[in-house]
Amino acid sequence: MPHLPGLGDTNEIAEHGLGGLEHNFITGNVESLVNWARTRSCWPATFGLACCAIEMMAAGAAHYDLARYGMEVFRASPRQADLMIVAGRVSQKMAPVLRQVYDQMMEPKWVISMGVCASSGGMFNNYAIVQGVDQVVPVDVYAPGCPPGPETLMHAIFTLHEQIHTGELLKRRDETGAGAGLVIEQRDGQTAGLTIGS
Amino acid sequence: MVADDDTSTADDEAEGDATTAEHDAPATRYGGIIDPIGTDVVLHTDVATYSDLAAAAKADGFVQLVDLTAVDYLTYAAPRGLPAGVVAERFEVVTQLRNPDSGERIRIRVQVPADAPAVATLFDLWPGSENLEREVYDMFGIDFVDHPDMSRILMPDDWVGHPLRKDYAVGEIPVQFKAASNIR
Amino acid sequence: MTAERVMRRGDDSAVLRLSEAEASEIGNDPDTMADDERVLLNMGPQHPSTHGVLRLMLEMEGETVVRSKPVVGYLHTGMEKQAEQLSYLQGCTNVTRMDYASPLFTELAFSLATEQLLGLEIPERATWIRMLMCELNRMSSHLLFMATNGMDLGAVSMMIYGWREREEVLRFFEKVTGLRMNHNYIRPGGVAADLPDGWEDEVVRLLDLIPPRLDEYDILLTGQPIWRERLQGVGVMNADEAIALSATGPVLRSTGYPADLRRDQPYLAYDQVEFDVIVGSYGDCYDRYAIRLNEIRESMRIVRQIIDKMPSGDYRVQDKKVTPPPRIRIDQSMEALIHHFKIFTEGYKVPAGETYACVESPRGELGVYLVSDGTSHPYRMHVRGPSFINLQTMPHLMKDGLIADGVAIISSVDPIMGEVDR
């Protein structure tokens, strides 16, 4: 657990609970407390579209277990969700639906563009696919891969958590209306398949 | 096109050795021109005789419609390779039928002219053709006469054009490769 | 326009044939629906139980579904158009992203179709590797079904268990193909790489691991009264209806009709292995669940035989026109380098003609219709997606059932939207 500004040594809390603190009160400003709370219960909306949705569900299931980060509740209703993981290719027919779901989410809200199709259209550069979901909603973190493995998705989520924690994201949203647009690196071997003849 | 009986029987006898006799025998009765490719039995027909041929095939045990699709031959580079007697048109509706008891399959290729792209629906014979025909309508603009719900299925209702036609562009957006400005 | 006309009263079919505009017209005009007890209900495309982006337009009378219409296309990717831009070698990259729960089957169907046009005979070992991978993929796909079927019906532990076992299979896939999904492993001419050393041990470990877990599912679900209550007698269909609607796979087999392409027209080497075709007897959701559960067991039976019979030899055809030369040859021979370059730049040319190849995917008959005009790119590629066609059964299965059962029915048809919309 990271050191929280104004919260004292959080490792101590993690290991011993509040009882481990030398003082039975915490000093800090409201903003960092709120950010801390937002980071620790970031509920994603179920917005599975294609292949990436399977990996997103795999990330939530037994082996990768997103519950460790307070994120296992994929909310069916966008009204209850903070984070939209756009998992898969967005077609021209789906784009208005995507925007509507995004608009229905409560502020503050964040978007992870999962996979190359959502980020840039990927290999499907044609009439049917929106070439990058950032044309429809502001994107905070882009996760590469086709599909990104659960490790990469978790890396994207941590990156987002860090941004939420520092409050950086909301400042930027206020100024420009755009997402953070961070591109992360891939954390698993899913960059490419085998090269034939190697 | 009138199913040229002489041609079809001649074709049948000529190619009869290549495939088994039972494969060709029932198919000759449906009309159309037979063109066995490997083990596939392919029947060529035109818009006028298509539904009769399909009905005859169904009566003969081909009760399962496996697939229905279309091809736009507008920019086909090679010779079409159609058997004698078949008038080549721009579109072709391709229907795959299967006899679930014997496992036999036949493929019906219908020549559909570009100026009036319409064929009879197979919905009354095989209700399973509903979605497939809607897809062909959506992607090629071929109308299926008397189809219960001739509307777009994959593209939005207000979409203009039929994407799988060869004169419809892929819709590629040029990608400018540039370094991302905010990689950490 | 009155509601009578818009809703086509008197049409007692199961399918609601109503356009978007007509539906909103009813909604906008209070008079049309005023004394009407039926309501139109929209479900999806963003709904947790619709397996991705399926949308249903339901005509409800109280809790009962009268007519319904699956609205698809929300994941339309233009893959059939895209295939015309990609060479035959690149084609598998494209098709593998259709049915993302069982990607290897689409690759297989595409490769078989291409090989039919090329008139290519592939080595025996490649055939058996393909079979091995496909059967393992059938297992992982059905395990995914177990997970989602459980989740849709509220058996959330089942979801966790299904994923847990699927993860084990994926680990083997990652070892063999380098990827967990979208493998691009089966290619025209064979497979992309040989099986890694010690693959037998890995597979045997899987085969030892999964049966007890399946028995666990039996305890958790199969005999459980709530599970039976939710599924038995729900979404019933008979064989004639299923055939008329062109249904294949577990949807057709659940009606008691033993249709399985692996047995009816054996491709690869399915005529050399022993397995049973699992059929149901009532054609309900429970049968479809039980068929898939037992098909996992049959697949494991096939995999055991494959381990024993796996021949040695080449994993892809050594035809310099179709497959690139081995890496080592490129350093030694100028010609090999040229072949390698040509295959990856312009691809190989495929003789003009048309063909249809089909395989039994976990969802039914998966076919690829390929038209070549003699160039290195397909002139037209059409995929007969079993999910797309099985989806037509949905309104008929749902008719006169409760809306809560609708979720069970969507789940039991097991559509993969990537394959529906392509």
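The values are calculated or read from the model by the stated rules, or taken from the named source; none is laboratory data. Just so we're clear, the structure is a prediction, and the values are computed from it rather than from any experiment. Positions of Cβ are backbone-derived with ideal geometry, glycine not excepted, and every protein chain shown enters the neighbour counts. Each accessible area value is taken on the protein alone, full model and side chains, heavy atoms only, with ligands, DNA and RNA left out. Shrake-Rupley method; radii C 1.70, N 1.55, O 1.52, S 1.80 Å.
In region C:397-412, the residue that is nearest to the chain's Cα centre (by Cα) out of those that are among the β-branched types (V, I, T) and open to solvent by 10 Å² or more (accessible area, probe 1.4 Å) is C:V407.
Can you name every residue in region A:35-64 that is open to solvent by less than 30 Å² (accessible area, probe 1.4 Å) and under 13 Å from the mean Cα position of the chain (by Cα)? The answer is A:T39, A:C42, A:P44, A:A45, A:F47, A:M56, A:A59, A:G60. Please determine, by comparing only the residues of region A:147-162 that are crowded, with 21+ Cβ neighbours inside 10 Å and in contact with an Asp or Glu (Cβ under 7 Å, 6 or more places away or on another chain), which one is farthest from A:E31 (Cα to Cα). That would be A:P147. With respect to C:D215, is the statement that it is at pLDDT 90 or above, closer than 28 Å to C:T255 by Cα, open to solvent by 60 Å² or more (accessible area, probe 1.4 Å) and part of a helix (DSSP H, G or I) true? For C:D215, the condition - at pLDDT 90 or above, closer than 28 Å to C:T255 by Cα, open to solvent by 60 Å² or more (accessible area, probe 1.4 Å) and part of a helix (DSSP H, G or I) - is met. Residue count for region A:43-64 satisfying the condition of being in contact with a helix residue (DSSP H, G or I) (Cβ under 7 Å, 6 or more places away or on another chain), more than 11 Å from chain C (Cβ to nearest Cβ) and not aromatic (F, W, Y): 1.
Every residue, every condition in (1) open to solvent by less than 20 Å² (accessible area, probe 1.4 Å); (2) within 19 Å of B:D138 (Cβ to Cβ); (3) not polar (S, T, N, Q), yes or no:
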position	(1), (2), (3)
C:E37	no, no, yes
C:G44	yes, no, yes
C:L54	yes, yes, yes
C:M57	yes, yes, yes
C:V66	yes, no, yes
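C:C285 meets the conditions (1) surrounded by fewer than 20 Cβ atoms within 10 Å (Cβ to Cβ); (2) within 28 Å of C:G223 (Cα to Cα) in every case but one. The failed one is (1). If you go through region A:65-96 and keep only what is within 11 Å of chain C (Cβ to nearest Cβ) and open to solvent by 30 Å² or more (accessible area, probe 1.4 Å), you end up with A:D65, A:A67, A:E72, A:F74, A:R75, A:A76, A:S77, A:Q92, A:K93, A:P96. Being surrounded by fewer than 21 Cβ atoms within 10 Å (Cβ to Cβ) and within 14 Å of chain B (Cβ to nearest Cβ), is that true of even one residue in region A:105-112? No: zero hits.
In region B:37-57, the residue that is modelled with the highest pLDDT out of those that are within 13 Å of another protein chain (Cβ to nearest Cβ) and over 16 Å from the mean Cα position of the chain (by Cα) is B:T39. Taking the conditions exactly as written (part of a helix (DSSP H, G or I), open to solvent by 60 Å² or more (accessible area, probe 1.4 Å) and touching a residue at least 12 places away in the same chain (Cβ under 8 Å)), does C:R297 satisfy them or not? Taking the combined requirement at face value, the residue satisfies it. On the stretch given as region C:171-184, residues that are within 18 Å of the chain's Cα centre (by Cα), at pLDDT below 90 and open to solvent by less than 20 Å² (accessible area, probe 1.4 Å) total 4.
Any chance region C:169-177 includes a residue that's of a type in the set (A, V, I, L, M, F, W, C), more than 21 Å from A:H63 (Cα to Cα) and more than 9 Å from every other protein chain (Cβ to nearest Cβ)? No, because not a single residue in region C:169-177 is of a type in the set (A, V, I, L, M, F, W, C), more than 21 Å from A:H63 (Cα to Cα) and more than 9 Å from every other protein chain (Cβ to nearest Cβ). Of the numbered conditions (1) open to solvent by less than 30 Å² (accessible area, probe 1.4 Å); (2) at negative phi, B:S102 fails exactly one; give the number of that condition. Against the list (1) open to solvent by less than 30 Å² (accessible area, probe 1.4 Å); (2) at negative phi, B:S102 comes up short only on (1). Per this entry, C:Q85 is counted among residues that are touching a residue at least 40 places away in the same chain (Cβ under 8 Å), polar (S, T, N, Q) and out of contact with any strand residue (DSSP E or B) (no Cβ under 7 Å at 6 or more places or on another chain). When you scan region A:31-42, do you find a residue that is touching a residue at least 12 places away in the same chain (Cβ under 8 Å) and within 14 Å of another protein chain (Cβ to nearest Cβ), even just one? No, that holds for no residue. The sole residue among C:D276, C:D331 that is without any contact (Cβ under 8 Å) to a residue 40 or more places away in the chain and either aromatic (F, W, Y) or closer than 30 Å to C:D208 by Cα (or both) is C:D276. Considering region C:327-350, and only residues there that are of a type outside the set (A, V, I, L, M, F, W, C), within 13 Å of chain A (Cβ to nearest Cβ) and surrounded by 15 or more Cβ atoms within 10 Å (Cβ to Cβ), the residue that is farthest from the chain's Cα centre (by Cα) turns out to be C:R329. Among the helices (runs of 4 or more DSSP H) confined to region C:233-279, the ones with at least 2 residues that are within 22 Å of C:A109 (Cα to Cα) and open to solvent by 30 Å² or more (accessible area, probe 1.4 Å) are located at C:261-264. So which residues in region C:102-156 are of a type in the set (S, T, Y), in a helix (DSSP H, G or I) and touching a Ser or Thr at 6+ places or on another chain (Cβ under 8 Å)? If the condition is that a residue be of a type in the set (S, T, Y), in a helix (DSSP H, G or I) and touching a Ser or Thr at 6+ places or on another chain (Cβ under 8 Å), then C:T106, C:S140, C:S141, C:T148 are the ones that fit. For beta carbons closer than 8 Å, sequence separation of 6+ or different chains, a first residue in region C:93-108 that is farther than 21 Å from C:I296 by Cα and a second that is assigned to a helix (DSSP H, G or I) and of a type in the set (D, E), the qualifying pairs are C:V95/C:E107; C:T96/C:E107; C:M98/C:E419.
Looking at B:F91, is it closer than 18 Å to C:M381 by Cα, within 12 Å of another protein chain (Cβ to nearest Cβ) and open to solvent by less than 10 Å² (accessible area, probe 1.4 Å)? Considered against the rule, which asks whether it is closer than 18 Å to C:M381 by Cα, within 12 Å of another protein chain (Cβ to nearest Cβ) and open to solvent by less than 10 Å² (accessible area, probe 1.4 Å), B:F91 comes out as yes.
For region C:55-93, a tally of residues being more than 7 Å from every other protein chain (Cβ to nearest Cβ), among the aliphatic types (A, V, I, L, M) and part of a loop (DSSP other than H, G, I, E, B) returns 1.
Let's see how each residue does on (1) within 11 Å of chain B (Cβ to nearest Cβ); (2) open to solvent by 10 Å² or more (accessible area, probe 1.4 Å):
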| position | (1), (2) |
| --- | --- |
| C:S361 | no, no |
| C:E365 | yes, no |
| C:V368 | yes, no |
| C:G374 | yes, yes |
| C:H377 | yes, yes |
| C:R380 | yes, no |
| C:V383 | yes, no |
| C:I389 | yes, no |
| C:P395 | yes, no |
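Taking region B:58-77 as the range and being open to solvent by less than 30 Å² (accessible area, probe 1.4 Å) and within 19 Å of C:Y356 (Cα to Cα) as the test, the residues that pass are B:F62, B:Q64, B:L65, B:V66, B:D67, B:L68, B:T69, B:A70, B:V71, B:D72, B:Y73.
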